[in-house]
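*Asks:* Quick one: the structure is below, and I'll ask about it shortly.
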Amino acid sequence: MNLDKMLELIPKTELHCHLDGSVRPTTILDIAGREDIITSDTNLNVLEKQVKVFGKCNSLKEYLDKFNLPIKIMQKEKNIYRVAVELLEDASKENIRYIEIRFAPFNHLLDNLKPEQAVEAVLSAMNYGRDHLGIMSNLILCILRQEPPSRGIKLAELARKYSSKGVAAIDLAGDEANFPPEIHTEAFELAKSYGIHRTVHAGETGIPENILKSIKILHAERIGHGTCAYRDKNTLEYLIAHKIPLEVCVTSNVNTSAVNSYREHPIKKYLDKNIVVTVNTDNTTVSNTDIIQEFKYLVKYQDFNFEDIKKVIQNGVNYSFASQEDKNNFKNSFNSFMDSIK
Ligand SMILES: [Zn+2]
């Protein structure tokens, strides 16, 4: 089997995928057209320029602005449900067998939805995915860094309410340069006390000290990105000693200029140093990528071999927030695939 075919068929995980950054452009066009969010002369070409990054942005803010239109069309339960089902369909086609979807429920209340309704819409889609697409999933609820601490506390309570129904963790996302992790200490303390997992975007675009702060102050069990960890020796040593996984999203890091190029990304160095690395898309639409494409970039620019690919997928399942049963299911399908190519 050639490598492309193998990348297509091998069961994969995805631990870092934002729902609002992964909406099919055709769906945005459809809903935005019907709800008069865009003018009738907007075509797919024009729309894609508004929601996708091609190459590099000048700042993380410019990248984050690509989410504005997708969020506008995700203000009704049926639209949130549709977007989530389609994301699961797309993931399933790529043989992602376990996915953690994340979104910020408070971004979806412009049409008078309750946060509970937004969460339930995604959970319903995840149940559909499990029953009809054979894809296992969990949901991560995001606090946006610029939101006040009281919102973060509400989010932790919301996560607790749905913790037995598919909400596995909370996350801190958004503009890292202007909002340090400690703003949301209380929410993460609460989540920990409720037994809810924690992951935090940190060290994405150049503030390595946020990585250890997120682990020590916010009790982060995983780090979103951690791209610039290499700039601080203590951080690297800590990640290795404590086996804190990095949710690496290479194309996204190129888009936001967190790294200059695919070739300059530190992912292979991290893997070789025994840091727990996972491979993820961040946003399939905004970053104009998918999980198979991410692996192809790693093979092309980072000299990833088959052993590296297997390793990061195994990290993905071992360090996921999945139940033991889901982990076992994943490992069974992974092992069957490996046996089939012997
Ligand atoms: Zn992210």
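The values are calculated or read from the model by the stated rules, or taken from the named source; none is laboratory data. Here the structure is a predicted model, which is why all the values come from computation and not from measurement. In this analysis, Cβ positions are derived from the backbone assuming ideal geometry, glycine residues included, and neighbour counts consider all displayed protein chains. Heavy atoms of the whole protein, side chains included, go into the accessibility calculation; ligands, DNA and RNA do not. Shrake-Rupley method; radii C 1.70, N 1.55, O 1.52, S 1.80 Å.
*Asks:* For segment 292-308, enumerate the residues that are outside any loop (DSSP other than H, G, I, E, B) and either free of Cβ contacts under 8 Å to residues at least 60 places away in the same chain or crowded, with 24+ Cβ neighbours inside 10 Å (or both). Give the derivation first.
*Replies:* Just the residues of segment 292-308 that are outside any loop (DSSP other than H, G, I, E, B), to begin with: 292-302, 306-308.
293, 294, 295, 297, 298, 300, 301, 302, 307, 308, listed by residue number.
*Asks:* If you take just the helices (runs of 4 or more DSSP H) that sit entirely in segment 54-94, which of them hold at least 3 residues that are at pLDDT below 95?
*Replies:* Values: elements: 60-64, 68-72, 77-93.
Hits in segment 54-94: 60-64.
*Asks:* Can I ask one more? Let me confirm something: among 223, 244, which residue is of a type in the set (Val, Ile, Thr), under 17 Å from residue 209 (Cβ atoms), within 19 Å of the chain's Cα centre (by Cα) and away from the ligand (no atom under 16 Å from the Cβ)?
*Replies:* Matching residue, one of 223, 244: 244.
*Asks:* Given the structure, is residue 247 open to solvent by less than 10 Å² (accessible area, probe 1.4 Å), in contact (Cβ under 8 Å) with a residue 24 or more places away in the chain and within 18 Å of residue 315 (Cβ to Cβ)? Give the steps one after another, and end with the answer.
*Replies:* Working: open to solvent by less than 10 Å² (accessible area, probe 1.4 Å): yes; in contact (Cβ under 8 Å) with a residue 24 or more places away in the chain: yes; within 18 Å of residue 315 (Cβ to Cβ): yes.
For residue 247, the condition - open to solvent by less than 10 Å² (accessible area, probe 1.4 Å), in contact (Cβ under 8 Å) with a residue 24 or more places away in the chain and within 18 Å of residue 315 (Cβ to Cβ) - is met.
*Asks:* Next question, about the same structure. From the list 286, 317, 254, 279, exactly one residue is crowded, with 20+ Cβ neighbours inside 10 Å and more than 16 Å from the ligand (Cβ to nearest atom). Which is it? Outline the logic, then answer.
*Replies:* Values: 286 fails: more than 16 Å from the ligand (Cβ to nearest atom); 254 fails: more than 16 Å from the ligand (Cβ to nearest atom); 279 fails: more than 16 Å from the ligand (Cβ to nearest atom).
Step by step, each of 286, 317, 254, 279 is checked, and only 317 is crowded, with 20+ Cβ neighbours inside 10 Å and more than 16 Å from the ligand (Cβ to nearest atom).
*Asks:* Still on this model: Enumerate the pairs (first residue in segment 164-175 and over 16 Å from residue 146 (Cβ atoms) and of a type outside the set (A, V, I, L, M); second residue anywhere and more than 12 Å from the ligand (Cβ to nearest atom) and in a strand (DSSP E or B)) with beta-carbon separation below 9 Å, excluding pairs fewer than 6 apart on the same chain, so at least 6 apart or on different chains.
*Replies:* Going by the 9 Å Cβ cut-off, the qualifying pairs are 165/139; 166/137; 166/138; 166/139.
*Asks:* Looking at segment 95-112, which of the residues that are open to solvent by 20 Å² or more (accessible area, probe 1.4 Å) and part of a loop (DSSP other than H, G, I, E, B) is farthest from residue 8 (Cα to Cα)? Steps first, answer last, please.
*Replies:* So in segment 95-112, the residues open to solvent by 20 Å² or more (accessible area, probe 1.4 Å) come out as 95, 97, 106-107, 109-112.
Remaining after also requiring part of a loop (DSSP other than H, G, I, E, B): 95, 109-112.
On the way: 95: 7, 109: 37, 110: 39, 111: 39, 112: 41 Å.
Looking at the filtered set, the residue picked out is 112.
*Asks:* Something else about it: Might you check whether a residue that is surrounded by 22 or more Cβ atoms within 10 Å (Cβ to Cβ), closer than 12 Å to residue 285 by Cβ, within 16 Å of the ligand (Cβ to nearest atom) and not charged (D, E, K, R) occurs anywhere in segment 77-87?
*Replies:* Yes, the conditions are met somewhere in segment 77-87.
*Asks:* Among the residues of segment 8-50, how many are away from the ligand (no atom under 16 Å from the Cβ), aliphatic (A, V, I, L, M) and part of a helix (DSSP H, G or I)? Don't jump to the end; show me each part of the working.
*Replies:* Looking only at segment 8-50, we keep the residues that are away from the ligand (no atom under 16 Å from the Cβ), and these are 8-12, 24-50.
With aliphatic (A, V, I, L, M) added as a condition, the list becomes 9-10, 28-29, 31-32, 37-38, 44, 46-47.
Pick out the ones that are also part of a helix (DSSP H, G or I) and you get 9, 28-29, 31-32, 44, 46-47.
Selection size over segment 8-50: 8.
*Asks:* Right, something else. For residue 128, work out the one condition from (1) open to solvent by 60 Å² or more (accessible area, probe 1.4 Å); (2) touching a His at 6+ places or on another chain (Cβ under 6 Å) it doesn't fulfil.
*Replies:* With (1) open to solvent by 60 Å² or more (accessible area, probe 1.4 Å); (2) touching a His at 6+ places or on another chain (Cβ under 6 Å) applied to residue 128, the lone miss is (2).
*Asks:* For segment 59-71, how many residues are touching a helix residue (DSSP H, G or I) at 6+ places or on another chain (Cβ under 7 Å) and surrounded by fewer than 19 Cβ atoms within 10 Å (Cβ to Cβ)?
*Replies:* Step one: list which residues in segment 59-71 are touching a helix residue (DSSP H, G or I) at 6+ places or on another chain (Cβ under 7 Å), which gives 63, 66-67, 69-71.
Subsequent filtering for residues that are surrounded by fewer than 19 Cβ atoms within 10 Å (Cβ to Cβ) retains 71.
Total meeting the criteria: 1.
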